[in-house]
Amino acid sequence: MRALGIDYGDSRVGLAITDELGITAQGLETISHQGNDKIVLKRLEEIVKLYNIDTFVIGMPINMDGTKTIRAEVTNGFIHKLKCKFNKIKIEEIDERLTTVAAHKTMNYLNVNKHKKRSIVDTISAVYILEIYINKTKNSWFNFKYSILSKQLIYSINVFVKIWISLTIS
């Protein structure tokens, strides 16, 4: 099962997806919709089937002072549409403050052509939104399972190293 990161905008929606283990986030695509959510929902339906999505992670536009923006109301309207169409898929809201700024900094660092920036900025923002979610869930998962897993992992590594050493010496 995978999570799909969504950076929802007026005319474009950036999408990112986790790997099957939920460890990494990769940019998937940008949907140009010019305000027509039916285009977005149709494409999301295809993606859900293709990649077996179990969680939508959508960026919530929040002001720097922590208040919701006008865009947050529009985003909440889209979330309502998601809940109606995909009622079995979990929806997580993530504070998306500064994700677009980070996306622009990343593109500037990589010397991305200014004409290409517009077509990928939303996808890169979706990657950042999804990474925030991954780190949030990873930390809570580690806190819950850390002691058992770390002991098992250390034991497995020790066994592997011992076997590898014995094979390389003989």
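Brief remarks on what is shown
- Per residue solvent-accessible surface (Å²) - the range 1-95, probe of 1.4 Å: 53 Å²
- Whole-angstrom gap from the range 89-116 to the range 33-73, using each part's C-alpha centre: 15 Å
- Relative contact order [Cα under 8 Å, 6+ residues apart], the range 4-123, whole percent: 28 percent
- A 1.4 Å probe over all protein chains sorts E96, E45, E73 by accessible area into E73, E45, E96, starting with the largest.
- For the range 1-118, the share of alpha carbon pairs falling in successive 5 Å distance bins from zero is 2, 10, 20, 24, 20, 15, 7, 1, 0 percent.
- Using a probe of 1.4 Å, the accessible surface attributed to Y128 totals some 70 Å² when neighbouring protein chains are kept in position.
The values are calculated or read from the model by the stated rules, or taken from the named source; none is laboratory data. All values reported here derive from a predicted model rather than from experimental measurement. Keep in mind that these areas ignore ligands, DNA and RNA; they rest on the heavy atoms of the full protein, side chains included. Shrake-Rupley method; radii C 1.70, N 1.55, O 1.52, S 1.80 Å.
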